[in-house]
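Take a look at the structure set out below.
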Amino acid sequence: MRNSLRAVVGLAAALLAMAASAAAQQGGKPVKLEVDLREAARRVYHMKMEFAVKAGRFTLVYPKWIPGEHAPNGPIVDVTGVRFFANGKEVAWRRDTVDMYAFSCEVPAGVETLEATLDYLLPQDSGTAGVASSTAQIAELPWNLVVLYPKDTKSDDVNFSAKLRIPAGWKYATALPVTKESSEGIEFETVSLTTLVDSPVLAGAYLKTYDLAPGQKPAHKINIAADSAAMAEATPEELAAWRQLVAETGALFGARHYRHYDFLLALTDHLAPNGLEHHESSDNRVPERTLHDADLLETQMDLLPHEFFHSWNGKYRRPAGLSTPNYQEPMRDELLWIYEGLTQYYGVVLAARSGAWKAQGLHEYMAVTFARLDRRPGRTWRDLEDTAISSQLLYTAREAGSSWRRPVDYYEESELIWLDADTLIREKTGGKKSLDDFCRAFHGGEGGEPKLIPYTLDDVVATLNGIAPYDWKKFFEERIHSHGPGAPLAGLERSGWKIVFNATMNEHEKSEEESGHVMNAEFSLGFSAHYPGGENADEVAEVIAGSPAEKAGLAAGMKLVAVNGRKWTPDILREGIRGAKDGKEPIELLVENDEFYQTVKIDWHGGERYPHLEKIAGTADVLAEVAKMRAAAVK
Ligand SMILES: [Zn+2]
């Protein structure tokens, strides 16, 4: 408690001068912002702003560190058409030679208003990570893409009056309060820059809104925009699960820190799948057929619960190092194993409690996820905390080499750490308390309008000690600094389950394979490869460090040509693995490496191998207790 208080006081002191100068610059007047999305289908957004200014040097900055993205990835390279005007005359600007995000100009004497314009160019490439985009039928507007703000301003202290135009005939949804709507555009309530950036807009030709808590306060809605009208229709089962999800968070936290909540869901194959949390909404993007395709739905099962949970864990409570005063101040990502990790755990748990994931689905997901972590060679050199500290590098790292580089494991491996903590609390209190009690104590409170309370690891430890006394600091430090061998599976065992392997394909892995068109032989030969005929056809996606495939010389980027002399397909490769079981002959792959052909002989005789969960005999099914519905069933 003391540490977080110190952090807040320190932050406040450092910001005092900053806030004062910003207020003086704006003279208390809100910045006028006009954004035009009418050319979204051409992949360009237009922006015009007006700032109250005084004569002298004036610097505007473009947001660099975007909340929830944990990285300095504000897409400055696509900011074009930057021009400043005063009294109708163009004013020259110069970019800072070190800070690419800062534009300075000299405001002439007698000028009180500076106008700025920019065009944001959106990529058409669905693989572009971290950059919001539009499609021919959908426009997503995270406002940070199209705003400039005075340098050294605290985002809480500068207010914006925004006006938006969207393509004719399109609908829109946002958590931002609307004051007026006409043929001239949509006008929003004047809000702080913090609230503006935290309240994206989803617009689309086919947009459908469902009420998830009819007649209740606060209101909960899901707004779905799809590239086709039919795909924006949710099924009764999906609606039932989302309504139960709202009820489950009420039962879990006992308080909500928003005035209303809007899920924004874009269904399209032309945006990179992603989810970005906000206080009163979330920006979710998944493939177009997700609501009507069992395999796609299976791979996105925990997305909405995850982003929703972030309203409490990430927005209301946030690590001090991520509670920055504006979007230029660097973030410190070391506690992402709490910010993202606890969210990842509860995203999965809430997907089960809301009825979306049945026990079998949950088990198969956990089996493959935890088995991957258990054989992650990268942990021998990089501990879990380092994956969090270096998240700003790892989000955009390519898949090739990920088992040795170690990817953003603070998501999935933290599921194991928090399951460990959850089952330990249950054990120590004879089942009377659980991690739910921690959530209620840490993230509950009074509720109401959005606010931010920063925390440190000591605050988390102190709250846990109030639930079940234990050396929690040591518990976490051992796990975030571990180099293995293997993943921290104690919590899974305490929940009554263990990982076993057999030749029956894991159902979650199968859904991943069928929706992603990547064949996976990671637990046998130790590699995965893109299906023939599609994107990156025949290319080896990843080879696990230390696996039989790696030892035989296979590498990511090589192209599969043939298996045992016959043109490769996923079925032919699987038959090859089965055929070599218990034999002596290696599996022979013909591969193409640049324009050279070579044979790779993999000495593997263990057959096909897929992970599953198996009940540990004579133990209680604590995992079923964790996944059990807490709220009354919603009608
Ligand atoms: Zn997250």
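Annotations for the structure displayed:
- Between residue 192 and residue 259, the contour length at 0.36 nm per residue exceeds the Cα-Cα span by 22.5 nm.
- Our summary gives region 275-373 a relative contact order of 26 percent, counting only alpha carbon pairs under 8 angstrom and 6 or more residues apart.
- This model, with +1 at the C-beta of Lys and Arg and -1 at the C-beta of Asp and Glu, gives region 108-248 a dipole about its Cα centre of some 240 debye.
- Efficiency of FRET from Cβ geometry, residue 182 and residue 94, R₀ 41 Å, rounded to 0.05: 0.60
- Per residue value of the accessible surface for region 327-464 (all protein chains in place, 1.4 Å probe), Å²: 35 Å²
- Label-to-label distance, nm, for residues given as residue 440 and residue 396 (7 Å Cα→Cβ offset): 4.4 nm
- Around the amide H of residue 318, modelled in the peptide plane, lie the amide H atoms of 453, 455, all under 5 Å away and 5 or more residues distant in sequence or on another chain.
- Note on residue 517: accessible area approximately 100 square angstrom, rounded to 10, probe 1.4 Å, nucleic acids and ligands left out.
- Computed with a 1.4 Å probe on the full set of protein chains, the accessible area for residue 258 sits at about 10 Å².
- When all protein chains stay in place and ligands, DNA and RNA are ignored, the 1.4 Å accessible-area order of 187, 280, largest first, is 187, 280.
- Taking only protein heavy atoms and a 1.4 Å probe, the accessible area of the chain is 51% carbon and sulfur.
- Scalar couplings 3J(HN,Hα) for region 72-83, obtained by applying the Karplus form with A = 6.51, B = -1.76, C = 1.60 to θ = phi - 60°, are x, 10, x, x, 4, 5, 9, 7, 10, x, 6, 9 Hz; x denotes Gly and Pro.
- Under the simplified labelling scheme, the residue 235-residue 159 pair shows an inter-label distance of 4.8 nm, with each label point 7 Å from Cα along Cα→Cβ.
- With the largest listed first and rounded to whole Å, the semi-axes of the equivalent ellipsoid of the chain from the Cα gyration tensor are 43, 30, 24.
- Model label zone, residue 136; criterion: amide N under 20 Å from point 7 Å along Cα-to-beta-carbon; scope region 277-298: 286-290
- Net +/- balance of residues flanking residue 423 in space, Cβ distance below 11 Å, scoring K and R +1, D and E -1: -2
- In a reduced charge model with +1 at each Lys and Arg Cβ and -1 at each Asp and Glu Cβ, the chain shows a dipole moment near 1420 debye about its Cα centre.
- Inter-probe distance in nm under a simple model that places probes 7 Å from Cα toward Cβ, at residue 251 and residue 584: 6.1 nm
- Computed with every protein chain present, the accessible area of residue 382 is close to 20 Å² [probe 1.4 Å].
- Restraint check, 32/180; 29/54; 498/601; 428/451, Cα-Cα greater than 23 Å: 498/601; 428/451
- Mean accessible surface per residue for region 584-635, computed with a 1.4 Å probe while every protein chain stays in place, in Å²: 64 Å²
- Shape call, region 581-635: gyration tensor on alpha carbons, a/c limit 1.5: oblate
- Euclidean distance of C-alpha centroids, region 600-635 and region 409-454, integer Å: 22 Å
- Gyration tensor (alpha-carbon) shape descriptor, region 286-411, a/c threshold 1.5: oblate
- For region 227-296, the solvent-accessible area works out to 30 Å² per residue, with a probe of 1.4 Å and every protein chain left in place.
The values are calculated or read from the model by the stated rules, or taken from the named source; none is laboratory data. The structure displayed is predicted, hence computed values, not measured ones. Using ideal geometry, Cβ is built from the backbone for each residue, glycine included, and neighbour counts are taken over all protein chains shown. When the accessible area is computed, the model is the full protein with side chains, heavy atoms only, and any ligands, DNA or RNA have been set aside. Shrake-Rupley method; radii C 1.70, N 1.55, O 1.52, S 1.80 Å.
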